[in-house]
Amino acid sequence: MRRKAATDLNDPARTAARAPRQARGRERREQLLDAAAAIIAEAGIGAVGMHAAAQRAGASIGSVYHFFRDKDQMLDALAERHDAELQPAFDRVLQRSDAEWTAMSPPQVIEQLIGWAIRYFVRHPDALATLDLHDQTMHAEFRALIDRVMRARLGDELGQQAATTLDAVVLGTLLFTREQDPRSRDVVVAALPEMMATYLTALEAKRKRPKG
């Protein structure tokens with residue numbers, strides 16, 4: 001899920017951002033990352049720069065370069081911060097049993113499966129810009145989870161159909177909204193859980209409907 005930087009992450013010359021040892025240094029680094037996040041939320045990732053982050057945080061340009069070699073390294077650090085928050089939540093979702101998923105109502109399923117992540121991206125617009133939403137490992141795990149939950153609730157045929165649709169809607173919408181005006185983005189992303197819950201409700205009603 002982490003951001004793919006402009007340069008090769010396997011390049012020996014590319015090192016991680018400096019990790020401050022003192023509390024004051026950690027606080028200053030977080031302030032710089034908060035400043036970068038605010039700029040992205042307001043004006044997009046193209047507006048972020050070392051000088052812009054320094055000015056927004058009320059810090060000297062030397063302070064920025066003390067922690068980050070360049071813009072890419074600063075954005076990598078921002079992505080890693082989001083990764084550290086999202087991964088534990090995702091792990092908790094993965095640990096739920098099929099019995100737990102089938103006992104939930106459609107809105108509860110969507111909330112527990114997808115809604116929490118959507119809310120996170122609404123609260124942190126910079127996460128959409130900095131995280132790599134094409135990460136194959138994370139996406140494969142997410143896709144497998146959706147498939148498992150939908151098959152448990154709908155059976156193989158309808159479950160696979162639902163999983164494919166939900167996965168495409170979530171990923172496509174998040175990628176699309178990265179480039180949108182913040183107000184339009186928030187409206188679209190916030191509406192997703194209700195739309196998906198309605199879709200799941202319709203599929204479950206279809207499954208229960210007698211054939212013939």
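Values as computed for the structure displayed
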quantity	calculated
Exclusive hit being more than 15 Å from the chain's Cα centre (by Cα) and among the polar types (S, T, N, Q), set Gln136, Gln112, Gln87, Gln108	Gln108
Flag if Val122 is assigned to a helix (DSSP H, G or I), open to solvent by 30 Å² or more (accessible area, probe 1.4 Å) and under 20 Å from Ala47 (Cα atoms)	yes
Selection count, region 163-212, where residues are modelled with pLDDT under 90 and among the aromatic types (Phe, Trp, Tyr)	1
Selected residue [hydrophobic (A, V, I, L, M, F, W, C) and over 21 Å from Phe176 (Cα atoms)] from Leu128, Leu154	Leu154
Qualifying residue in region 106-123 (condition: farther than 21 Å from Met195 by Cβ and out of contact with any Pro (no Cβ under 7 Å at 6 or more places or on another chain))	no
One residue from Ala168, Ala190, Ala205, Ala152 being at negative phi, in contact (Cβ under 8 Å) with a residue 60 or more places away in the chain and open to solvent by 30 Å² or more (accessible area, probe 1.4 Å)	Ala190
Selection from region 125-149 of residues that are open to solvent by less than 20 Å² (accessible area, probe 1.4 Å) and without any contact (Cβ under 8 Å) to a residue 40 or more places away in the chain	Ile146
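The values are calculated or read from the model by the stated rules, or taken from the named source; none is laboratory data. Worth saying up front: this structure is predicted, and the values here are computed from it rather than measured. Cβ coordinates were reconstructed from backbone atoms using ideal geometry, including for glycine residues, and neighbour counts include every protein chain displayed. Calculation scope for accessible area: heavy atoms of the full protein, side chains included, ligands and nucleic acids excluded. Shrake-Rupley method; radii C 1.70, N 1.55, O 1.52, S 1.80 Å.
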